[in-house]
Amino acid sequence: MNRLLVTGSAGLIGSEVVSFFAQRNWEVIGIDNNMRADFFGSAGDTQWNAKRLEELYPNYTHHVIDIRNRAEVGDFLQKVKPDAIVHAAAQPSHDLAASRPFDDFDVNAVGTLNLLEGLRRVSTNVPFVHMSTNKVYGDAPNSLNLTEHEKRWDYTDEEYYNGIKESFTIDQSKHSIFGASKVAGDVMVQEYGRYFNMPTCCLRGGCLTGPNHSGVELHGFLSYLIKCNLIEREYTIFGYKGKQVRDNIHSFDVARFIEEFLMNPRVGEVYNLGGGRSNSVSILEAFDLISEISGKPMKYKYSEQNRSGDHICYISDLSKMKDHYPNWNITKDLRTTFQEIHDSWVLRMPS
């Protein structure tokens, strides 16, 4: 049996990866200290998810470990000696990072370095998959020529029709404090690959989503939007006329790509991981789709002030991923993803 270590194992991507590999008879070891509750309060608490995983999978074990604790991380890696690592733990909000910059950097950058160096001291042959973010590109995508449509912004130039490629600049732009800490982790993961010849990759996620997301206003765009619709809470649109676009990828398809990479790892790679054009949606379009599914109108208000460093239009170009791993593709379309998130919130809400 292969042994997989998953950080942030009770979060959206971490828990999906745990389920995916546990169902394929891997021994899965999760570490998660529920920092999401510290960051976002009770609404962000992920203990329900950790408990769910332990009940579902006898081949899963959960450990409360803080990735900022270098000695503890190093000792743990020496003890468990994983065959692969998926690093999904993070401080994920660029709004929150501005008020807690030390915590943000210590989790996103220092925590990543602690894992990389801890792993290197165990083995340089173990694949390391890092959940990075499209925020490493800062707000540079906003400099592209955009066309305004009735309910969305879109790229004007044909060159960007399929989205942003991995060669897009990460320099000379506003990243948010969160984006900067994720750049540090991202570049370090690449460097451990190139410098020490370790099989590493950075997955620069667009909107990663799915039914196991504890979505809150500061992080978890689709999950939070759908929750607001169901409980008839007023949703706030921050700028760009509500026409800002994100490409959404279901956490299951993220786990599927990770499996492909672990089966055939490469050194120091970078991939833009999102739903691509076919799974792209603006906030206004998302309102329409969830209202259609739930039968409830969307209550919202508009703030002229956009979030600092926020993307107006971001679509991931998936061509490099598909070229390197031709067995991988998107399997969950936008409507399926919305429906699953809707159904999950319905189950979690008190009757």
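The values are calculated or read from the model by the stated rules, or taken from the named source; none is laboratory data. Just so it is clear, the structure is predicted and the values come from calculations on it, not from any experiment. Don't worry about glycine lacking a Cβ; one is built from the backbone with ideal geometry, like all the others, and counts go over all protein chains shown.
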Worksheet entry | For SER303: the one exception among (1) within 25 Å of SER319 (Cα to Cα); (2) surrounded by fewer than 22 Cβ atoms within 10 Å (Cβ to Cβ); (3) touching a strand residue (DSSP E or B) at 6+ places or on another chain (Cβ under 6 Å); (4) not hydrophobic (A, V, I, L, M, F, W, C) | (1)
Response to the item:
Of the residues in segment 251-278, those that are under 18 Å from the mean Cα position of the chain (by Cα), of a type in the set (Lys, Arg) and either surrounded by fewer than 19 Cβ atoms within 10 Å (Cβ to Cβ) or outside any helix (DSSP H, G or I) (or both) come to ARG277
Worksheet item: Across segment 31-77, which residue is surrounded by the fewest Cβ atoms within 10 Å (Cβ to Cβ) among those that are charged (D, E, K, R) and under 18 Å from the mean Cα position of the chain (by Cα)?
Response: ASP45
Worksheet item: Checking VAL281 against (1) surrounded by 22 or more Cβ atoms within 10 Å (Cβ to Cβ); (2) in a helix (DSSP H, G or I), which single condition isn't satisfied?
Response: (2)
Worksheet item: Of the residues TYR302, TYR325, which single one is more than 29 Å from LEU96 (Cβ to Cβ) and touching a residue at least 12 places away in the same chain (Cβ under 8 Å)?
Response: TYR325
Discussion item. Where the second residue is hydroxyl-bearing (Ser, Thr, Tyr) and in a loop (DSSP other than H, G, I, E, B) and the first is farther than 17 Å from ILE341 by Cα and lies in segment 262-291, which pairs have Cβ atoms under 8 Å and are six or more apart or on separate chains?
Written reply: ASN264/TYR325; ARG277/TYR161
Discussion item. If I ask for residues that are farther than 26 Å from PHE168 by Cα and either at pLDDT below 95 or of a type in the set (Lys, Arg) (or both), which ones from segment 305-336 would you list?
Written reply: GLN305, LYS332, ARG335
Practice prompt. Could you please find all residues in segment 9-31 being among the hydrophobic types (A, V, I, L, M, F, W, C), in contact with a His (Cβ under 9 Å, 6 or more places away or on another chain) and part of a strand (DSSP E or B)?
Written response: ILE29, ILE31
Item to complete: Could you list, in sequence order, all residues of segment 195-208 that are surrounded by fewer than 24 Cβ atoms within 10 Å (Cβ to Cβ), on the phi < 0 side of the Ramachandran plot and not in a strand (DSSP E or B)?
Response: TYR195, PHE196, MET198, PRO199
Worksheet, complete the sentence: For segment 29-70, the count of residues that are in contact with a Ser or Thr (Cβ under 8 Å, 6 or more places away or on another chain), modelled with pLDDT of 90 or more and aliphatic (A, V, I, L, M) equals 6
Worksheet item: If you scan segment 90-125, which residues turn out to be touching a Ser or Thr at 6+ places or on another chain (Cβ under 7 Å) and of a type in the set (D, E, K, R)?
Response: ASP104
Discussion item. Suppose we filter segment 143-194 for residues that are assigned to a helix (DSSP H, G or I), buried (at least 18 other Cβ atoms within 10 Å of the Cβ) and out of contact with any Cys (no Cβ under 8 Å at 6 or more places or on another chain); how many remain?
Written reply: 12
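Return the residues of segment 32-43 that are in a loop (DSSP other than H, G, I, E, B) and of a type in the set (Asp, Glu); say none if nothing qualifies.
Result: ASP32, single match.
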Item to complete: Residue by residue through segment 108-130, note down the ones that are closer than 22 Å to ALA255 by Cα, assigned to a helix (DSSP H, G or I) and touching a helix residue (DSSP H, G or I) at 6+ places or on another chain (Cβ under 7 Å).
Response: ASN108, THR112, LEU115, LEU116, LEU119
